[in-house]
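Where a number appears in this text, it was derived from the coordinates with a stated rule and is not lab data. Not measured: the values here are computed from a predicted model. Reconstructed Cβ throughout: ideal geometry from the backbone, glycine too, with neighbour counts over all protein chains shown.
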Amino acid sequence: MSTGEFARVRGAGREGRPTTRPVSGPPHTDAPPGMGPPGGVMASEHSTRAWEAAYRQYGRAWETTARSRKGDPAAAREMAAASWAVAAAWRQIVAATTVPWWTLAAIESAAAAFEAQARDCEARDGNDGS
């Protein structure tokens, strides 16, 4: 991600720590229109839209969590749902795209991290996901 895809938010974090949040604005691309990334590997339009929507949901959940009191079950549920959505979007891209092994490893790692975060949020909420 480019540095423009994250915004510094002062005072929004718990315990006075500075925080960084994903920006939920329009997508940023470095490639000219009609051109895919180097190597010609490109996710489907459907996968891309799903990923963008999941990250917008995640950005909203992050903002809610940052403003909520610690241990807020509603914020934990919202963050868990958003994290599952991002993980699913990453996995959808992998399923719909042929990528080099190192890209696959990175995407799988990202999906696993969001799944772990979702499980952690569900545990804080007292919800086991069932």
Among R77, R119, which is the only one that is touching a helix residue (DSSP H, G or I) at 6+ places or on another chain (Cβ under 6 Å) and basic (K, R)?
R77
Does region 78-105 hold any residues that are part of a helix (DSSP H, G or I) and in contact (Cβ under 8 Å) with a residue 40 or more places away in the chain, and which are they?
M79, A80, A89, Q92, I93, A96, T103
Within region 47-94, residues more than 10 Å from the chain's Cα centre (by Cα), of a type in the set (S, T, N, Q) and under 21 Å from A123 (Cα atoms) come out as T64, T65, S68
